[in-house]
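Report on one structure; see the data block that follows.
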Amino acid sequence: MLLVLGVVGGAAVGLAAYFHFSKGLPALFSLSDYRPSLVTRVYARDYQLLGEFFFQRRQFIRMSEVPRRLVNAFLAIEDAKFYQHPGIDLVGIFRAALANVRAGRAVQGASTITQQVAKTFLLSSVKSLDRKVKEIILALRIEREFSKDEIMELYINQIYLGAGAYGVGAAARIYFDKDVSELSLAQVAMLAGLPKAPNHYSPWRNPENAQRRQRLVLNRMAEVGFVTQAEAEAAAAEPIGLARPQEPLDTIAPHYLEHVRRTILGDWGEGQLYKGGLDVYTPLDPNLQRHAQDAVRQGLIEYDRRHGYRGPLDHVEKVQEAAVRQKWLHSKAVSEFSSVSDYQIGLVVAMDNRKAKVLLGDESTVELPFEGVSWARKRLDEKKKPGKLTGPPPKTLADVFRVGDVILVEAPNDKHKTYQLAQEPDAEAALVSLDPHTGQVLAMVGGYNYDRSEFNRATQGQRQPGSSFKPFIYAAALDGDLTPTTLIDDSPMPLAYRDPVTKELKVWRAQNYEHKFYGPTTVRVGLVHSRNLVTIRILKRVGMAAAIPRLFEFGFEIPENRHDLSLALGTMGFTPLKMASAYAVFANGGKLVEPVVISRVQDRLGRTVFRHRGGDCMLCHQDIDRTSVLASELGGQAGREQGVFDRPVLDPATIYQVTNLMKGVVTHGTAQFAKQLQRPVAGKTGTTNGLRDAWFVGFSPSLVASVWVGMDDNTTLGQKETGGRAALPIWVKYMAKALQNVPVTDFVMPKGIVLEEVDPETGYPAVDGSGNRVMEAFKPGQGPISVGTTVPPGVVPGDGLGFVPGAPAGQAPVVGDGFY
């Protein structure tokens, strides 16, 4: 009777305890709807990893995809009876309880894998009797609701394995750069040993601890019969094959990756970006990106050297004393120094006239000869000494620096055999390159050094394009009644305008770059030699009402308060990406394509939820849904495609005429430096007032690239730093590499175009004795100026816009009619 009462009493106490600890326990629905925080990965066009976004680095894998030996390794060390027990191990619980009583505190647990799932997903990790009881209750409930494989799938995807890796999928990539299916027995044993103490058993931080733990796992696998003892010993003896994962391409394309991040964040939100486990595929070409980055950096360094040496970074006194040198070596300036150009920071500790001894940040000492310093003319203040960039060449090292100066040096390389004095450029640049037929952005450089400035000048920098905007004005004109041989008056044209602040009437007197006027000028010469007055008169002749819609067809949205003639000279700010997209219209024959930085997106289950159709025309259908919605958030609906139908929206004949003119910019005009490419290319330089912005935007039949160079504070680049000098060399360096394996082809000539040889200066047909000759492109009904036509030195009365063959000769130019 007493025994019965004892059993009943014990049961009552147990039942009361069960109800007591069951109060407030979390429901299990979060396990059945398990959506772990996964890593969003961004890939280049060749599937190289570009970068990752995550709160927790995790890769979800199905139980069916996990090798059995990996599961066995975790079972052997964590819970060998997992597939036999009901969720708790009573023997283990009593063993742990005894150890805790002896220690007087909680020092040991007996958690099964099911209990670990309950703790990880539903409870805190604080060790206490209260939590342990709740853990047991939840484990029993989980076992009733889920199969063993479902529980194991939750475990292997949620467990933390160190190095930021959650789950075996992420850990396999991080530790071994492998898929879980490729792991060896030795490697799965290494992973299985990590959950107990990931940092203590880290194979990178504590390789000896990791090896001891790995052997313990292998021995346990042999003890429970998962492997033979011989297999365990062989695995313990083999090299672990530890390798950090492939270095992400974010080191060569940080601005591109950041632009992708902003795009995902804007379109799909923070949750999908950092926890959604998306696979984002971009059109970035790693080889072209490297060429673009190298071209930008080399171009900026060349610009910087033209403007002399700015001086040392710092100065340290008493460098002859060892304590002073040691203090400098351990200073913040040394420990935190980094350079994208692989420069090294150094301290001049001794020197004579021809060589210097430089202590580097890595504690080595190198010799810097005068030959490596000879470029370092002193930079002059152009405001104080107008017309001069630098002082005289240095004659000795003392003309450049002194003992104690902190400087930058460049190690010997293919270009020079000795150490060189260096400095980081103070100017900035951007380069965007895209496929004109698909809009795919193949390369993007947003600045010299992402660590120095995350600002993406390729997509965020709204800078005036200057004369590189002129081709769009010429396209509007040639789409009307002008031809490449129409003569336009290049003479002074004062323009009246009202100051928007003071409301006063003022006069704008536009100038050509050379501060000269050339009189009757053909449309070709006006663009090839970038004549400002010619372009202004062309825009006035076309009229704003006709020009603005044409500019819109190139992707430019011009606000009403900017509908003035200064637009002809590129006075409204645009990004290099916008300029590249607009120039793509010339390269592809008249189609405006949307720049594409994301080609395809897959959700965590591998379903394609977004796809961009290459070659989509932006203006063909304006009612397209521009927002892609993830299928995983639509209950599995099919992913949407972004894009519209592909057809030209501008006259191909007009586009070809302007392209033909821009080929002349390269062969005879302001971009002759590009002739070294020895293939058909076209483009236009651009320079703004005060030499604040330098541009070159150009293209081949298969590739467009836009280059901008300038100062972030909008100060001048300095004397003679035009688009042709500061930006064009960067473009040429990039295109030379990008096109080196591309067959040489010319631009496709549309039907109806007729080529005739003309004298570009006069517009007459070329004859024997003509100086320059070009093949001019004419539409049906057009042609060169007829031989024998009298071209007057003046203008048509009251017009002031251009010349018409046959007008009376000898009239003076009318310049006052340009007021508006």
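The values are calculated or read from the model by the stated rules, or taken from the named source; none is laboratory data. Just so you know, these numbers come straight off a predicted model, no measurement behind them. Glycine gets a Cβ as well: all are built from the backbone with ideal geometry, and neighbour counts include every protein chain shown. When the accessible area is computed, the model is the full protein with side chains, heavy atoms only, and any ligands, DNA or RNA have been set aside. Shrake-Rupley method; radii C 1.70, N 1.55, O 1.52, S 1.80 Å.
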**OP:** Decide, for the stretch 723-771, between rounded, prolate and oblate: order the square roots of the alpha carbon gyration tensor eigenvalues as a ≥ b ≥ c, take rounded if a/c falls under 1.5, and otherwise choose prolate if a/b is larger than b/c, else oblate.
**Re:** oblate
Original post:
Using the scaling law 2.2 N^0.38 Å as the reference, what is the normalised Cα Rg of the stretch 210-330?
Top reply: 1.96
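Against the 2.2 N^0.38 Å scaling, with N counting residues, where does the stretch 253-317 land? I'd like the Cα-based Rg ratio to two decimal places. Present the calculation step by step, with values, prior to reporting the outcome.
Working: Rg = 19.2 Å, N = 65, 2.2 N^0.38 = 10.7 Å.
For the stretch 253-317, the normalised Cα radius of gyration is 1.78.
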Original post:
So what is the relative contact order of the stretch 192-239, in percent, for Cα pairs below 8 Å that sit 6 or more residues apart?
Top reply: 25
Original post:
Which ³J(HN,Hα) values, rounded to whole Hz and listed in residue order, are derived for the stretch 462-473 from phi using the Karplus coefficients 6.51, -1.76 and 1.60 in 6.51 cos²θ - 1.76 cosθ + 1.60 with θ = phi - 60°, glycine and proline given as x?
Top reply: 8, 10, 5, x, x, 5, 5, 8, 4, x, 6, 5
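Taking the mean number of other Cβ atoms within 10 Å as a proxy for protection, how do you rank 209-222, 402-415 from highest to lowest? Walk me through the numbers on the way to the answer.
Details: 209-222: 20.7, 402-415: 16.0.
The packing order, highest mean first, is 209-222, 402-415.
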**OP:** State the answer as a single residue: which of 265, 288, 322 lies farthest towards the positive end of the charge dipole of the stretch 251-358, with beta carbon charges of +1 for Lys and Arg and -1 for Asp and Glu, about the Cα centre.
**Re:** 322
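For the stretch 672-749, just say rounded, prolate or oblate: build the C-alpha gyration tensor, square-root its eigenvalues into a ≥ b ≥ c, call rounded for a/c under 1.5, and beyond that prolate if a/b exceeds b/c, oblate if not.
Here the stretch 672-749 falls in the prolate category.
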Original post:
How do 370-377, 201-208 rank on mean C-beta neighbours within 10 Å, highest first?
Top reply: 370-377, 201-208
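Tell me whether the stretch 299-431 comes out rounded, prolate or oblate; compute the Cα gyration tensor, take square roots of the eigenvalues as a ≥ b ≥ c, and use a/c under 1.5 as the rounded threshold. Before the final figure, lay out the partial values.
Values: a/c = 1.65, a/b = 1.42, b/c = 1.17.
Here the stretch 299-431 falls in the prolate category.
Over all distinct Cα pairs, what is the inverse of the mean 1/r for the stretch 475-550, reported as the Kirkwood hydrodynamic radius in Å? Could you put the intermediate results ahead of the total?
Working: mean 1/r = 0.0743 Å⁻¹.
Evaluated over the stretch 475-550, this radius sits at 13.5 Å.
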**OP:** For residue 309, enumerate residues with amide H under 5 Å from its amide H, sequence gap 5+ or separate chain, H modeled in the peptide plane.
**Re:** 377, 378, 379
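Starting with the highest mean, order 688-698, 542-552, 155-165 by the number of other Cβ atoms within 10 Å, averaged over the residues of each peptide. It would help to have the intermediate numbers written out before the result.
Values: 688-698: 24.3, 542-552: 16.6, 155-165: 21.3.
Going by the mean number of other Cβ atoms within 10 Å, highest first, we get 688-698, 155-165, 542-552.
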**OP:** Taking a cut-off of 15 Å between Cα atoms, list the aspartates and glutamates near residue 81, but don't count ones fewer than 8 places away on the same chain.
**Re:** 89, 143, 149, 223
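Over the Cα atoms of the stretch 417-471, what is the Rg over Rh ratio if Rh follows Kirkwood? Don't skip to the end; give the middle numbers.
Values: Rg = 15.3 Å, Rh = 13.8 Å.
A ratio of 1.10.
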Original post:
So how compact is the stretch 490-533: Cα radius of gyration and Dmax in angstrom?
Top reply: 13.3, 39
Original post:
For the stretch 527-599, what is the convex hull volume of the alpha-carbon atoms per residue, in Å³?
Top reply: 113
**OP:** Working with all protein chains in place, sort 481, 768 by solvent-accessible area computed with a 1.4 Å probe, largest first.
**Re:** 768, 481
Original post:
What percent does the relative contact order of the stretch 284-433 come to when contacts are Cα pairs within less than 8 Å and at least six residues apart?
Top reply: 29
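Calculate, in nm to one decimal, what residue 335 and residue 205 gain on full extension: separation in residues at 0.36 nm each, minus their alpha carbon distance. If you can, show how the numbers build up before the last one.
Numbers: separation 130, 0.36 × 130 = 46.80 nm, distance 2.16 nm.
Computed gain between residue 335 and residue 205 is 44.6 nm.
Which pairs, out of 378/415; 540/733; 591/733; 503/578; 417/663; 415/675, put more than 30 Å between their alpha-carbon atoms? Let's see the in-between values first.
Working: 378/415 23 Å; 540/733 37 Å; 591/733 27 Å; 503/578 32 Å; 417/663 39 Å; 415/675 24 Å.
From 378/415; 540/733; 591/733; 503/578; 417/663; 415/675, over 30 Å: 540/733; 503/578; 417/663.
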